[in-house]
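Here the structure comes first, spelled out in structure tokens, and everything after it is commentary.
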Number of protein chains: 12
Amino acid sequence: MTDHVYKLTELVGTSPESLERAIQNAVARAKRTVRNMRWFEVQQIRGHIEKGEVEHWQVILKVGFTLED
Amino acid sequence: MTDHVYKLTELVGTSPESLERAIQNAVARAKRTVRNMRWFEVQQIRGHIEKGEVEHWQVILKVGFTLED
Amino acid sequence: MTDHVYKLTELVGTSPESLERAIQNAVARAKRTVRNMRWFEVQQIRGHIEKGEVEHWQVILKVGFTLED
Amino acid sequence: MTDHVYKLTELVGTSPESLERAIQNAVARAKRTVRNMRWFEVQQIRGHIEKGEVEHWQVILKVGFTLED
Amino acid sequence: MTDHVYKLTELVGTSPESLERAIQNAVARAKRTVRNMRWFEVQQIRGHIEKGEVEHWQVILKVGFTLED
Amino acid sequence: MTDHVYKLTELVGTSPESLERAIQNAVARAKRTVRNMRWFEVQQIRGHIEKGEVEHWQVILKVGFTLED
Amino acid sequence: MTDHVYKLTELVGTSPESLERAIQNAVARAKRTVRNMRWFEVQQIRGHIEKGEVEHWQVILKVGFTLED
Amino acid sequence: MTDHVYKLTELVGTSPESLERAIQNAVARAKRTVRNMRWFEVQQIRGHIEKGEVEHWQVILKVGFTLED
Amino acid sequence: MTDHVYKLTELVGTSPESLERAIQNAVARAKRTVRNMRWFEVQQIRGHIEKGEVEHWQVILKVGFTLED
Amino acid sequence: MTDHVYKLTELVGTSPESLERAIQNAVARAKRTVRNMRWFEVQQIRGHIEKGEVEHWQVILKVGFTLED
Amino acid sequence: MTDHVYKLTELVGTSPESLERAIQNAVARAKRTVRNMRWFEVQQIRGHIEKGEVEHWQVILKVGFTLED
Amino acid sequence: MTDHVYKLTELVGTSPESLERAIQNAVARAKRTVRNMRWFEVQQIRGHIEKGEVEHWQVILKVGFTLED
């Protein structure tokens, strides 16, 4: 096995639907500029409330990707 | 912009369905007595198990609301 | 009331579907060997990314169960 | 089971006697205005020293109680 | 010495000027409804950025006050 | 000195009397199946409240024991 | 509302004057390459001491900005 | 009020009797060389187990004392 | 992919030589009773001092292994 | 480069004026007995409230200094 | 002294040999694109186990570098 | 057993060679003035980078020693 090096980038994904969707939105957006994403770790879960209802979910996550040789 | 002051209150919402629903239940209950809720932050996710199945989800969250002038 | 003693065991559940399902999978697997499970606490939420999409969700949780007399 | 919502309130109990008494003092004081207290969690243990002796114990705790429907 | 019980309430103060002013704004606002405030503890320091400049400072703090007998 | 390896197991002891007794109850219960216990570390202190009184104390602790060769 | 995605970048600002100025220096420097900065969160406050005097303040902060579509 | 400066020193007190006694032992020992002790904060609670019984309690605490002018 | 479930067990490895060796000792000992170990995470690094020299290194680690179907 | 060893000491500085001044007061007081101070790290920010106003600021900090050969 | 601003980037270095080598691999890889690296801080130590042996070490670290004017 | 009291002192050891050597350097330096050192706990691992290479390792550790009667 070669000695891989990974980089972590921290993102906030949002969604009016669900926590999973907020994470998927962040990963989908990162995909445009980052290749070789391998895993994510949730840092914090928050949300915005409007008129006494949860308007959208916010998930802060770290995404790890392989730095290519 | 005027200098807003917010207050945080800590709640536990529960639901047999999902994490999102547990949070929404807490916010819906708080709505009866608290106006101007603006955001929430999840503190912990727990749950109750009955006969080897998750019976309900529990989410501890902080809710922030504007203190009116 | 007698003086109950509980034990905590730490598990990682995975699911391609949702966070709730990842937790339920861990609890269902533990059910085969552990009786009297009472509660769980989420420790961390992670996930695996394949080709720029979340391939499966991983939830690290502690499960508490009663030690029988 | 109905979907309960709980509220957490943070208190500091003090006692010249013991840690347990400091917690009980906080709960006893809260009982005057809060109904349906269900559990507490210790956040921090501190104390005051006077003339090289522990004069009183201080326990910071969160108390959870059911919000009635 | 009698056995005092204190309560902690969590606030967010804001100010366009400084961190100290953000804290003082929160304490001044709380003064209207809370008597016998005794100390505060900073939980987090944040801020809002507008057009590449810090527009206002936000300080999350816990304020402790004596519960009267 | 030989290279010892220890294992940590996480328990919750309860007692209506005191924090020390809750810990001792957990250790006494573990003694039935675990040999060579060496130390414990308190993770969290909680308790159950019934009718505005602390009904029993709960201490979450890790117990370390030597794995025999 | 569209589903925004934000990115967090971690910086250390320094200043011989004050904590606020150290933060503003970091934000001002980031402004040259990052558009749409929205908020910051202080991670740690440190400082350098020279000849028994605080020579400069160091603030580690995370800055959040909107990823444009 | 003059600008007091306090120093914190970290100690481990032990006792075969109770947590309170372990703390008091640490404070009593510190009293021989430190004047003006004002408060303590518990950092961790541990203990030693011998033959399946808690042999002694260990409390790691910080003690704060006034630095005299 | 099937829905794997992993279990985490917490160990303390020791060695008079190095941190890496302390970890390897813990893993080697666990290998006797645990199959399918997949990863470890270091929780804490400690050590024992004898006559002013580090006598042995202690590493607290969590080891994750696959629960077989 | 020789192998430097540093020591950390924990102090609480206070000031009626500002957070920076509270830190500077602690460093100035330490200067009387400690040489070669090199850096500080803020551990906690607190304050005392009197009659609904912040009476003085308290900053808990660690100060690092070189141990001379 | 001018007001330096530093940026922190988070990396994971791996090595089959040692913890130090895992860190050095991450720094060596970052060197290709980042100039003026000044310090690193270890965030977490993990590793991969294959056939009951540590196959490679993983160190998550933050690397700080000067942003040039 | 008599009731021992221990004191903790916080040090930073450095070494161009390895993490273990950085710790041993700190312990060796402390040995000159502190008797009866018993254990250490690593608090943080850092390092200095010069020209894209790790120049020296820094380990922040707490050292515990017995206070003699």
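The values are calculated or read from the model by the stated rules, or taken from the named source; none is laboratory data. Model, not experiment: these values are computed from the prediction. A quick note on method: Cβ atoms are made from the backbone with ideal geometry, for glycine too, and the neighbour counts reach across all protein chains shown. In case anyone asks, the SASA skips ligands and DNA or RNA and just uses the protein heavy atoms, side chains included. Shrake-Rupley method; radii C 1.70, N 1.55, O 1.52, S 1.80 Å.
Do we find that C:Ala26 is away from chain A (no Cβ under 13 Å), open to solvent by less than 30 Å² (accessible area, probe 1.4 Å) and small (Gly, Ala, Ser) in this structure? Yes. For D:Glu20, the conditions (1) more than 12 Å from chain F (Cβ to nearest Cβ); (2) within 24 Å of F:Ile60 (Cβ to Cβ); (3) outside any strand (DSSP E or B) are fulfilled apart from (1).
Checked against the criterion of being open to solvent by less than 20 Å² (accessible area, probe 1.4 Å), under 15 Å from B:Leu19 (Cα atoms) and away from chain A (no Cβ under 13 Å), the range C:31-39 has no qualifying residue. The lone criterion from (1) more than 12 Å from chain H (Cβ to nearest Cβ); (2) open to solvent by 40 Å² or more (accessible area, probe 1.4 Å); (3) modelled with pLDDT of 95 or more left unmet by F:Asp3 is number (3).
If you scan the range J:46-69, which residues turn out to be assigned to a strand (DSSP E or B) and either under 22 Å from L:Arg29 (Cα atoms) or within 8 Å of the chain's Cα centre (by Cα) (or both)? Can you show your working first?
Initial filter on the range J:46-69 (assigned to a strand (DSSP E or B)): J:46-50, J:53-66.
The answer is J:Val59, J:Ile60, J:Leu61, J:Lys62, J:Val63, J:Gly64, J:Phe65, J:Thr66.
For the range K:30-43, the condition of being hydroxyl-bearing (Ser, Thr, Tyr), over 23 Å from A:Gln43 (Cβ atoms) and without any contact (Cβ under 8 Å) to a residue 12 or more places away in the chain holds for at least one residue.
Within the range G:31-45, can one find any residue that is at positive phi and either outside any helix (DSSP H, G or I) or hydrophobic (A, V, I, L, M, F, W, C) (or both)?
Yes; the residues of the range G:31-45 include at least one that is at positive phi and either outside any helix (DSSP H, G or I) or hydrophobic (A, V, I, L, M, F, W, C) (or both).
Can you find a residue that is more than 30 Å from J:Ala26 (Cβ to Cβ), more than 14 Å from chain J (Cβ to nearest Cβ) and surrounded by fewer than 21 Cβ atoms within 10 Å (Cβ to Cβ) anywhere in the range G:8-15? Yes, that holds for at least one residue.
You will find that of A:Thr14, A:Thr9, the residue that is over 21 Å from B:Arg21 (Cα atoms) and of a type in the set (Ser, Thr, Tyr) is A:Thr9 and no other. Of all residue pairs spaced 6 or more apart or on separate chains, those with beta-carbon atoms under 6 Å, a first member in the range L:44-68 that is crowded, with 19+ Cβ neighbours inside 10 Å and a second member that is part of a strand (DSSP E or B) and of a type in the set (Gly, Ala, Ser) are L:Val54/L:Gly47; L:Trp57/L:Ser15; L:Trp57/L:Gly47; L:Gln58/L:Gly47; L:Val59/L:Gly13.
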